[in-house]
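Here the structure comes first, spelled out in structure tokens, and everything after it is commentary.
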Amino acid sequence: MADSKSVKNTIYFWLLWIIITIAGFYLLYDYVIKNTGFMPAQPIQFSHKVHSGDFGMKCLSCHTSAENSAYSEIPTTYSCMVCHIALKNTSDLIKPLNESFDSLKPIIWNRVYRVPDFAKFNHKVHINSLIDCSTCHGEVEKMEKVYQFRPITMSWCIDCHRYPEKYAIPARDISGIFSADINLDSLNLYKKKYYSIINPPYGMWLSDVYESEYLKNIVYPRVYSRGNENCSVCHH
Amino acid sequence: MIRTIFKWFLMVLSSLLLIVAILLHFGVIKFYREFQPFEIIADMDNQIKSLPQKESNFFVDSASFRNPVENTIPKIGSKYHLIDLEYEEAENENKNPLEPTEKVLARGKNRFETFCVPCHNHDGKGNGVIITKVKLKEGEEGFPAPANLTREFTRTISDARIFHILSAGQNLMFPVNYKLNETDRWALVHYIRKLQKDSNIKK
């Protein structure tokens, strides 16, 4: 009798232990493997809080190419020197900037966000759909130093492509995203006209929403297209 | 006896793990780290391809962004070939292709708010935040106040000349053609004209 009871207890104990351990590791996964909170050392103590938060510089004024290309540029030394050629030029913190400007050697910033090379990400489509930077990067204008705000996982990408209304934050003022008439209507019409007659490509999730819908100006991606859930949109 | 202690030791350890994980998850404690990401299995995460703004070992100057071949013309936009003081050529060559329609002005406004406001301020009067709000330590220089875009001189010069200033620069005013394409620059010219009209009305 006593024997089988203690066996039972032991089994319950280890079951509980396994559940707790797995839950712990599962919750830590974002931080340990998916790099949330990754904040690499940078060659210059550049502060987004001062530039964007206090002085209201728009994100696109430095990261200009986010609007019209897949890649969002890190600004060149020249675009910093526009102001710092005069402003605080003698400050110690600006010194590396001066050296780089004189010697024509680029500053090597360490990158924070990264999608693995087997997948591709495109800033242009998201910015033109009026999705704000803070959806994916957090409120950078409050960060002294940029860190990775959230894990970049495939489930997150797909979730938002299915239900953008749950995830997307509409364009804010500080981002400088151009919101008037970006003429996406015609694009969607084209897609509807030509793609609805052929079978949806592999991997595309079909919903009953066929019309292009707008949520606070964000284009609803659930329209016939190459399909935001088609594997080859993000994978080569 | 030792087995029991070991058992409970493991239990306490994993409970602590869970508590820390939950606190992290709900943002009660913050965690930042500087070291490079772990990669358990780095399948095809790092491929030997050129990425923008990354170093490339293939070229002598180690830049992966390549410049266009000499004497080629870009498909969109064109290089501005005049320099600072060639005002007359600028007057003759630059013609504004845009009408000040609503959309063009909206674009101009967006571009002005994004790129010019820190110096020129929202109304173009030239008292933007980097002139008024900066606190300087001893011995440090501030930014000299930029020109008032609504002043008489700027009103009288032609559109072509303003476009020339935007494309080739003038003293401390930097050329913006490395960031803004031609259409955007012409839209800005229209928006500057609108600012000038607006400041008229207020007087």
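The values are calculated or read from the model by the stated rules, or taken from the named source; none is laboratory data. The structure presented is a predicted model; accordingly, all values stated were derived computationally and were not measured. Cβ atoms come from the backbone with ideal geometry, glycine included; neighbour counts cover every protein chain shown. For the accessible areas, the whole protein counts, side chains as well, though only heavy atoms, and no ligand, DNA or RNA atoms are used. Shrake-Rupley method; radii C 1.70, N 1.55, O 1.52, S 1.80 Å.
Sorting A:Ile94, B:Ile48, A:Ile18 by solvent-accessible area of protein heavy atoms yields B:Ile48, A:Ile18, A:Ile94, largest first, with a 1.4 Å probe. Length, then width, then depth: along the principal axes, the Cα atoms of chain B run 96, 49, 44 Å. Length gained on full extension, B:Ser50 to B:Gln170: 39.6 nm, using 0.36 nm per residue less the C-alpha separation. Think of the protein assembly as shown as having a plus end and a minus end, set by charges on the Cβ of Lys, Arg, Asp and Glu; of A:Val233, B:Leu16, B:Ala168, B:Leu16 sits farthest toward the positive end of this dipole.
Annotation: the protein assembly as shown has a Kirkwood hydrodynamic radius of 25.9 angstrom, from the mean reciprocal C-alpha pair distance.
Mean sequence separation of contacting Cα pairs (under 8 Å, at least six apart), scaled by the length of region B:89-203, corresponds to a relative contact order of 34 percent.
Close amide-amide hydrogen proximity is noted between A:Phe38 and A:Gln148, B:Arg33, each under 5 Å apart and 5 or more residues distant or on a separate chain (H modeled in the peptide plane; Pro and chain starts excluded).
Take the alpha-carbon centre of region B:100-138, take the same for region A:1-47, and report the distance between them in whole Å. Centre-to-centre (Cα) distance: 50 Å. Rolling a 1.4 angstrom probe over the protein assembly as shown with all protein chains present gives an accessible area of which 61% lies on carbon and sulfur atoms. The long axis of helix B:159-168 is offset from the longest Cα principal axis of chain B by roughly 40 degrees. When restricted to Cα atoms, region B:1-48 yields an Rg and a Dmax of 17.4, 56 Å, respectively.
Measuring between their Cα centroids, region A:86-155 and region B:165-201 lie 27 Å from each other.
The mean sequence separation of alpha-carbon pairs under 8 Å and at least six residues apart, normalised by the residue count of chain B, gives a relative contact order of 20 percent. When +1 charges are put on Lys and Arg Cβ atoms and -1 charges on Asp and Glu Cβ atoms, the dipole computed for the protein assembly as shown relative to its Cα centre reaches about 1140 debye. For A:Trp109, no residue has an amide H sitting under 5 Å from its own, ignoring neighbours fewer than 5 places away on the same chain, with H placed 1.01 Å from N. Relative to the longest principal Cα axis of chain B, at what angle does helix B:2-25 sit, 0 to 90 degrees, rounded to 10? The two axes meet at around 10 degrees. Using a probe of 1.4 Å, the accessible surface attributed to B:Thr132 totals some 90 Å² when neighbouring protein chains are kept in position.
Rounded to the nearest Hz, the phi-derived 3J(HN,Hα) couplings of region A:9-18 under the Karplus curve 6.51 cos²θ - 1.76 cosθ + 1.60 (θ = phi - 60°) are 4, 4, 4, 4, 4, 5, 4, 4, 4, 4, where x marks glycine and proline. Under the convention that each Lys and Arg Cβ holds +1 and each Asp and Glu Cβ holds -1, the size of the dipole of region A:1-158 around its Cα centre is about 340 debye.
In a Gaussian network model over chain B where Cα atoms closer than 10 Å are linked, find which of B:Leu166, B:Leu136, B:Leu17 has the largest mean-square fluctuation. The residue with the greatest mean-square fluctuation here is B:Leu17. Helix B:182-202 and the longest principal axis of the Cα set of chain B meet at an angle near 70°. The length gained on full extension between B:Ile22 and B:Glu140, counted as 0.36 nm times the residue separation minus their Cα-Cα distance, comes to 37.7 nm. Beyond 17 Å, the tail of the calculated P(r) for region A:1-106 holds 72 percent of the Cα pairs.
Chains B and A together bury some 5300 Å² of accessible area, summed over both sides, with a 1.4 Å probe. The packing ranking, built from the mean of other Cβ atoms within 10 Å per residue, places the peptides A:109-115, B:172-178, B:114-120 in the order B:114-120, B:172-178, A:109-115, highest first. When the residues B:Glu55, A:Glu139 are ordered by accessible surface, computed with a 1.4 Å probe over the protein chains alone, the sequence from largest down reads B:Glu55, A:Glu139. The helix-only estimate of mean residue ellipticity at 222 nm for chain B, built from DSSP H runs of length n ≥ 4 each weighted as -39500 (n - 2.57), is -13500 deg cm²/dmol after division by the residue total. Of the residues B:Gly108, B:Phe31, A:Ser69, the one whose Cα sits farthest towards the positive end of the charge dipole of the protein assembly as shown is B:Phe31 (charges of +1 on Lys and Arg Cβ, -1 on Asp and Glu Cβ, taken about the Cα centre). Look at the stretch A:54-61: the mean tally of other chain Cβ atoms within 10 Å of its residues' Cβ atoms is 5.
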